[in-house]
Structure formats: structure tokens, C-alpha cells
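The values are calculated or read from the model by the stated rules, or taken from the named source; none is laboratory data. Bear in mind that the values here come from a model prediction, so they are computed numbers and not experimental data. Here the Cβ positions follow ideal geometry from the backbone for every residue, glycine too, while neighbour counts run over all protein chains shown. The accessibility values were calculated without ligands, DNA or RNA, using every heavy atom of the protein model including side chains. Shrake-Rupley method; radii C 1.70, N 1.55, O 1.52, S 1.80 Å.
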Amino acid sequence: MTERRANPAVRVRLLEGAARLLAEEGPSALTLRRVATEADTSTMAVYTHFGSMADLADAVVAEGFARLAALLVEVPATDDAIAELAGLGRAYLVHARQNPHLYAVMFGTASLGSYRPRTADERERGRYTFDEIVDAARRAVEQGRLRPAEPRAIASQLWTAMHGYVMLDVGGYFGDDGVEHVLVPMFASLLSGLGADRDAALASIGTLAAPDTP
């Protein structure tokens, strides 16, 4: 089969196939033939949709952050910024569970080998998603829910803790009750350390343990 015209469905299959290969077998598996086979298409399709294997690897990372961003923007800004931070954390978890291979490539769990970002701009890819957390942290300070501090520093701590939990969650280490018994208490403790009233924080972050979390 020859693929000479761009096709959105084929593009997605190529991205997800490349992400699986990187996450499960490493960068040495990212060959033209293997990617085409994973996507059930022709080798020509890789060039049609991406131009080169390096461009494909770069697009895998961009796709992962685009999917994360789509979930983050669905979290509404409200007069309870702590609930908003919890909602952003939940969106982060949902994204990782829905897209484990993309998630592994986005954050370096899966090695990109020679395809790894080389320039400063490439290494900053996806930082725009972090800005959503920074904005929510800023509102939490403005609302008096957290003690005055630089919002980016607050967001960095929350993101780091969330990333650590998600890595173990996706790896299957916590089971079905991990969100309730690990993530929620951890989030509340961290917020308390940042100046939040613990009981009020727990009331606000109930969304983390929502029953429809995938």
C-alpha cells in the first residue's frame, strides 16, 4: 500500500505506533519498516506525514503534550483554586493512563536515543502545559488559600509530586485504591505545607478521587 496523501487517521497510527516502539523497545526499534508495520501502512506514509524519522520522533512528543493540554484546558477556573489544582492533577493522571506510551516518551521514561531534543527550544517543548498549573497556583495565593510564594515554585512542587505518583500508578504499583489512599493524602499534605488549611484542602480536592477516573 502506498500512502502519498496526508491522512489524519494514518498520522495518528504512526504517532502511536512510534510511541509504542520507543516505550517498549527503545530507540533502536524506531525504524522505517517497524513504524510502518505498527501503523499498518506503507513506509512512504512516514515521509508523507512527517518527512523523516527525526521529525516523527519530535511529533510524538508534541502529540503527547497536545493531548495533555486538551485535558488541562477543560478544567475550569473557579473561585476555588485548590479544587482547580486538583482538577489539573486529575487531568494529568487521566492523560497518562489513556496514553501511557506517549507519556513515557514525553517525560523521558522512554529513551529517544539520537532523537532526543538537542536545542533549548526543543527541550522546552510542552512547557506551555505547565503554565496552566502556574496560573492556578497564582490564583490560590491571591485567594488566600496558600501562603504568599512565587507561583512557579508552587507549581513546580505540585507537578513534581504528581509526576512521581503518576509514574508509579501507570506502572501498576498502587492498584484501584491508590488515588484515594495515596494521591489525595499526598496532595493534601503538600498543600498544607504550602500554607493551606488541611481540612479545607481535603474538601476541595475530592475531585482527585472522582469515581470516573479511568
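Values for this structure:
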{"item": "Protection proxy ranking, peptides 163-170, 13-20, average beta carbon neighbours within 10 Å, highest first", "result": "13-20, 163-170"}
{"item": "Most mobile of Arg34, Arg67, Arg97 in a GNM of the chain (Cα contacts under 10 Å)", "result": "Arg34"}
{"item": "Modelled FRET efficiency - R0 25 Å, Ala70 with Asp135, Cβ distances, 0.05 increments", "result": "0.90"}
{"item": "Relative contact order [Cα under 8 Å, 6+ residues apart], the chain, whole percent", "result": "22 percent"}
{"item": "Carbon and sulfur %, accessible surface of the chain computed with the full protein complex present, 1.4 Å", "result": "51 percent"}
{"item": "Ranking by accessible area, most exposed first, for Met44, Met162, Met53 with a 1.4 Å probe", "result": "Met44, Met53, Met162"}
{"item": "Neighbourhood charge, 12 Å Cβ-Cβ cut-off, centred on Thr37 and excluding it, Lys, Arg +1 and Asp, Glu -1", "result": "+2"}
{"item": "Cα-only radius of gyration and Dmax that characterise the stretch 39-93, units Å", "result": "17.0, 51"}
{"item": "Accessible area in square angstrom per residue, the chain, 1.4 angstrom probe", "result": "49 Å²"}
